[in-house]
Structures are given as C-alpha cells and as structure tokens.
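Here the structure comes first, spelled out in structure tokens, and everything after it is commentary.
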Amino acid sequence: MCLGIPGKLTETFAEHDMPMGRVDFGGVFKNICLAHTPQALPGQYVIVHAGFALQVVDEDEATRIFSLLDELDELTELDGSPSPNPGADQGGLG
Amino acid sequence: MKYQDEYRDPVAARRLAAAIARQATRRWTIMEVCGGQTHTIIKYGVDQLLPPEVELVHGPGCPVCVTPLELIDASLEIATRDDVIFCSFGDMLRVPGSRSDLLKVKAAGGDVRIVYSPLDCLEIAEAEPDRTVVFFAVGFETTAPANAMAIWQARRRRIENFAVVVSHVLVPPAISAILSSPQNRVQGFLAAGHVCMVTGYDEYEPLAARHHIPIVVTGFEPLDLLEGVYRCVCLLEAGRHAVDNQYARVVKREGNASARQLIGEVFEITDRKWRGVGVIPRSGYRLRPAYQQFDALSRFSLTELNVVESNNCISGLILQGVKKPAECPAFGTTCTPQHPLGATMVSSEGACAAYYHYGRRTSSETIHA
Ligand code: SF4
C-alpha cells in the first residue's frame, strides 16, 4: 500500500467541494483526489497513493539521472579503468 | 508509463553498478527501509548487481507486516458484527490474526470490503445509514494524508456511521530504534522516497548527525535504488553523515505542506507497538481528541484482547534486518503465501513474500557472514 503509482492527469473536476482529477495509469483510468496537489495540471504526471495525488513529478529532475550516467562514464575514461560492457547480459534485471 | 521503462533499463543499471564498484573500497552494509524498495530489489535482482563489498539488508517498512496482532484481532472482532461493514486496503485481508483473518471472516458471512481509497468508505456509509462503516486505517506516512482526509471529511459532512481502527506508524523513529539496537550493523540508510514525499526530510538530518550515518532519500525503480546506493557509498567512503536526495523528481525538502497540515489536524503522535519488534516511542499516530468520536475501538469497547503469536515465525528479526527470509526454517515449507504464518509472507511489501515470489529460496549471504 506504500507503493505510489505514477499516472498522467487528464482532466480535473470537483466533488464534495474537493478538487478531483481523472488519472491515466497506462490505460487504466481512475478518479483521484487532488486536495493535496491543487496545482497539478492536465498533462502532468502525479504520484498517487490510496486515491490521492501527493506530488507532481518534476520532469527536469526526472531526466537528471541520464546526465549523471554520462558523467560517470566520462570519469571511467579518465580513470583508464574498463567501462562496463553495455551488451553483456549477466545477472540481475532479468 | 513515463519514467518507468527508462528507470528499468538494464544497460544503465550495469553502468551504475560499475560506478558503485569503483567507489567501494571496503565492506558497507546499507538498509533500505521500505518494503516497496525490497520488492524492487528482489524482483529485478538489484542486490545481485552490486559488488561484494556492498550488502543490502531489508528494513521494517511494510505497514501490513508491523500492524500489531492486537489491532488485527480487534478488527476481526469488529468485522464479524452484523451491524458493521468492514473496509480495508486489499493487502490486509490475508494477514493472520491469533485465530483467523479477514478473508475467513468474509467467507463466514462478514461484510468485509476492499477499498482503493478511504474516501470510498464515506460513500458506502452514506448509502448504508443503518450500519457502521469501519475502516482499517493502516500505513506509514504515505497513506496518512488519505486517511486523515477521510476522517476530516466525515466530520465536516456529519457522517456519524463511520469509524476507524487507527494503526499508523512512522519511519524516522523506526530508523532510530534500529540504529540504537546493540545488534545493529547498518552503516547507511536508503530512506523511503514516498514517505519523504509527504513529510519532507528535515527530520532525517538530526538522525544522520546523531547516529553518524548517511541517509539517502531514494525512489522505487531499479535505477533509483542503484543511484541511492551509489550516493550512499560515496558518502560512506568520504566519511560524511549527510542527508542526500536521490528522488528529487518527487521529493521536496519540505514535503507536501497541505498533506502535513491535514495530518496534524486529525492525528497526534503516540507510542506504538510494531508487530515482531515491540513498542517504539513516539512512532505512530492516534486520533486527536476532537476526532475521538471516530475511534472504532472505543465505539465497540475493544481495548483488552488476548493475542497468540505463532512461535515459529522469525519475522521480527527479519523486520529489523537481523535475519533474511531464507534463514527461517518455515520459509517455503510450512509458511507460503497460500498458508502464511507471518505477515511478512502475506504483504506484497513483505520481505518473505518477495523472496518467495522471485524464487530466492536461499540467501546468497547471511547477515552474520
Ligand atoms: S517465512 Fe513465514 S514463518 Fe518465517 S519469518 Fe517469514 S512469515 Fe514468518
């Protein structure tokens, strides 16, 4: 139950005076309470727990890890240590 | 789903694992607090990508697993009443109480319903005014905003046939309890990203300073966990006891102000018993006096109950990171997800269930190695 699920907000409306939204979880749609994320706009991704959107995903921060990976690989080259073989298929993430 | 496939990319995962291997010059033991993270680690084999120097141990972050037996038995009593509709998140249904579980109560004719959101209970209560709708309000800081809103709305909308069994637990006091234990060997923590999404991470800074450990707020996808480990190992190698935020796409330092405010309106901090672990001071929420009318235990006069724990289950040690599931003699033999002896085998966030589902029948390393 602690697993927050990301979904895409598609529209907003009100119910019992609460801001609500329709959220698309990869093709499954649910009505979600936006009382704690009233700033969320359709088109944005939100993290949903127990029927409530609790944060809007920051897109710039979401892509930061990929520049970190490039930096790490540059460091490896400076080190002269071998870079991991990207084609290898051993262990994990199967 | 956006930022899901990308964060599960095996090539990127191996690049991060190699970076961790370059950083680690000695053995480090790191605990991931949250059961959702344990699930990802075992499902994707994140632990098997790590260099031998870095060991991950699993923490107590499964709310289903730590809900005390007393409250499960009390809920079972309430759920058998004819005048009650008992509502719960789905993961609580198969958790064994002393003598039964919610699924058995339902099979015997009890009106037990799974809800997705606690707000659903209010709709049911309005549609069934002659019965009381009781909600099992369990969880960490992540479900507290939703549960607090349902209770707040019930008072505002004057829904009187609604009550809650509150079993809320908090992560920072559990981290502190683990670090203070004489058995502790955890040197760094990956804090649960979605808990911090609600509460922020101010509270973790004094913890890191007091116990001289780094804490990295970490997300739930394989790359999140690997980056969390990478940052934690960098801090450990540098001897720094800082709090770092790997999960900045979701977690802000101050958390979610609106959610925090509503939690503070409805709940106050109390000591709480954790199943398998014992009482941890100031580690849970209870209803504030203004919301006491919604307390199911006092409404149904259930306070003293005799409970019987299975004495074969070592889930308490597993929840504290002292043992791993495959070290339990009952694991996979007398205890399976179909016939669970302990809550850690029931919940999708429980370590025993994760090991069972992903075929980890032996532990590659034991904690005493
Ligand atoms: S395998 Fe079963 S009996 Fe053993 S610790 Fe896990 S839940 Fe308890």
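Here, each number is a calculation from the coordinates, and none is a lab measurement. Because the structure is a prediction, the values reported are computed rather than measured. Every residue, glycine as well, gets a Cβ built from its backbone with ideal geometry; the counts of neighbours run over all protein chains shown.
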Open item on the list: Using the Cα centre of the protein assembly as shown as the reference point, and only Cβ charges (+1 on K/R, -1 on D/E), how large is the resulting charge dipole? Debye, rounded to the nearest 20.
Closed with: 980 debye
- [ ] Positive end of the charge dipole of region A:5-78 (Lys, Arg +1 and Asp, Glu -1 on Cβ, about the Cα centre): tell me which of A:I65, A:P19, A:L41 has its Cα farthest that way.
- [x] A:P19
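Taking only the C-alpha atoms, wrap a convex hull around chain B and report its volume per residue in Å³ as a whole number. Spell out each step's value before the answer.
On the way: hull volume 50.5 nm³, N = 369.
Taking the convex hull of the Cα positions in chain B, it is 137 Å³ per residue.
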TODO: Please work out the FRET efficiency for the pair B:H339 and B:R113, using the Cβ-Cβ distance as r and a Förster radius of 35 Å; give the result to the nearest 0.05.
DONE: 0.90
TODO: Write down the percent of antiparallel bridges among all DSSP beta bridges whose residues are both part of the protein assembly as shown, to the nearest 5.
DONE: 50 percent
Open item on the list: Please compute, for the alpha-carbon atoms of region B:270-329, the extent along each of the three principal axes and give them in descending order in Å.
Closed with: 46, 24, 14
Task: Tail beyond 27 Å, pair distance distribution of region B:231-369 (Cα, percent) - done: 49 percent
Open item on the list: Using the crude model of +1 on Lys and Arg Cβ and -1 on Asp and Glu Cβ, and no other charge, please compute the dipole size for region A:5-78 relative to its Cα centre, in debye to 20.
Closed with: 640 debye
- [ ] Mind putting together the pair-distance distribution for region B:40-108? All Cα pairs, 5 Å bins, whole percent per bin, short to long.
- [x] 3, 13, 22, 16, 10, 8, 9, 8, 6, 3, 1, 0
Task: Two-site label geometry, A:D60 and B:R240: point separation in nm, points 7 Å out along Cα→Cβ - done: 2.2 nm
- [ ] Please give the FRET efficiency for A:H16 paired with B:I269, using the beta carbon to beta carbon distance and R0 = 30 Å, rounded to the nearest 0.05.
- [x] 0.55
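Averaged over its residues, how many other protein chain Cβ atoms are within 10 Å of peptide B:255-264's Cβ atoms? Please report the intermediate quantities before stating the final value.
Values: counts 2, 6, 1, 6, 7, 1, 1, 2, 0, 0.
Average per residue, whole number: 3.
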- [ ] State the volume of the convex hull built on the alpha-carbon positions of the protein assembly as shown, expressed per residue in Å³ and rounded to an integer.
- [x] 141 Å³
TODO: Pick out, from B:P325, B:L119, B:Q37, the residue whose Cα sits farthest towards the positive end of the charge dipole of the protein assembly as shown, with +1 on the Cβ of Lys and Arg and -1 on the Cβ of Asp and Glu.
DONE: B:P325
Task: Of B:F89, B:G316, B:F135, farthest towards positive along the dipole that unit charges on Lys, Arg, Asp, Glu beta carbons give the protein assembly as shown - done: B:G316
Open item on the list: Using a Debye calculation, one point per C-alpha and no hydration shell, please list log10 I(q)/I(0) for region A:5-78 at q = 0.26 Å⁻¹ in order.
Closed with: -1.11
TODO: Below 18 Å Cα-Cα, how many Lys pairs turn up in the protein assembly as shown? Only count pairs eight or more apart in sequence, or on different chains, if you could.
DONE: 4
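In peptide A:56-64, how many Cβ atoms from other protein chains are near each Cβ within 10 Å, on average?
The mean count of partner-chain Cβ atoms within 10 Å per residue comes to 4.
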TODO: With N denoting the number of residues in region B:1-67, provide Rg(C-alpha) divided by 2.2 N^0.38 Å, to two decimal places.
DONE: 1.24
